[in-house]
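The values are calculated or read from the model by the stated rules, or taken from the named source; none is laboratory data. Remember, it's a predicted structure, so these values are computed and weren't measured experimentally. All Cβ positions, even for glycine, are placed from backbone atoms using ideal geometry, and neighbour counts span all protein chains on display. Accessible surface areas use protein heavy atoms only, side chains included; no ligands, DNA or RNA. Shrake-Rupley method; radii C 1.70, N 1.55, O 1.52, S 1.80 Å.
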Amino acid sequence: QQILQPISNSDGYSYQVFMHVDTPQFKALNWISNLDLMRIEITNNNKQHLVQRYVLAVLYYSTGGESDWARQMNWLSSSHECDWNDDGGIRECDDEKRVVDIALFNNLTGTIPHEISHLDQLKKLYMSRNSLTGTIPTSMKQMQELTYISLNDNKLVGTVPLELGMLPKLKYLYLHKNDLGGTVNSDHPICKDL
């Protein structure tokens, strides 16, 4: 919990998310601590692996994985998360087994958790054609390797975060068919290279 708590404390969240059994963070921590058959030993060498696995578990629980996903895609299995795929899911990892491509067209509901920003090697994020609600996390500005974001055909609300304009490698951004508001002018930071 000491390693994972700071990940879920950013953006104004508190340790309280670990105290309520219905939160995605509690469920992910419980899974990785008590139910995950991989049993990752906590050392400095594998801290990033533990964080990645936790973040993906939070994503699963935040987006209705327990009840709404059409296919489980080996998610939360005992295999390495790079093998959590079946016609979608984790589509690619790099040589160091860091997730670089996620594709979830899978009847997702709920919200995109801010913890996703800790997948700092992610290059492609496809979560379109679902029923995601809530806002686009501003914490995604930390995902400096992102080149492609597809969140279209959901029920996202709010405005397009200015922070997405801070992603130096972003080339493709698909947000159409949501309930986003506001105006994106041509001088908006997000339009710099798109």
Can you pull out every residue in the stretch 18-39 that is in contact with a Lys or Arg (Cβ under 8 Å, 6 or more places away or on another chain) and more than 14 Å from Ala57 (Cα to Cα)? Val21
If we keep only residues of the stretch 12-43 that are at pLDDT below 75, of a type outside the set (A, V, I, L, M) and part of a helix (DSSP H, G or I), then the residue farthest from Gly65 (Cα to Cα) is Gly12
Check whether at least one residue in the stretch 76-99 is open to solvent by 30 Å² or more (accessible area, probe 1.4 Å), of a type in the set (Ser, Thr, Tyr) and more than 19 Å from Arg39 (Cα to Cα), and report yes or no. no
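Residues checked against (1) in contact with a strand residue (DSSP E or B) (Cβ under 9 Å, 6 or more places away or on another chain); (2) on the phi > 0 side of the Ramachandran plot; (3) among the charged types (D, E, K, R):
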| position | (1), (2), (3) |
| --- | --- |
| Glu115 | no, no, yes |
| Thr133 | yes, no, no |
| Glu145 | yes, no, yes |
| Leu151 | yes, no, no |
| Leu156 | yes, no, no |
| Glu163 | no, no, yes |
| Asp179 | yes, no, yes |
| Gly182 | yes, yes, no |
| Ser186 | no, no, no |
Does any residue in the stretch 75-103 that is closer than 14 Å to Met127 by Cα and outside any strand (DSSP E or B) come within less than 9 Å, Cβ to Cβ, of a residue that is among the β-branched types (Val, Ile, Thr) and open to solvent by less than 10 Å² (accessible area, probe 1.4 Å) six or more places away or on a different chain, and which pairs are these? Gly88/Ile102
Considering every residue within the stretch 120-129, establish whether at least one is in contact (Cβ under 8 Å) with a residue 40 or more places away in the chain, open to solvent by 10 Å² or more (accessible area, probe 1.4 Å) and not in a loop (DSSP other than H, G, I, E, B). no
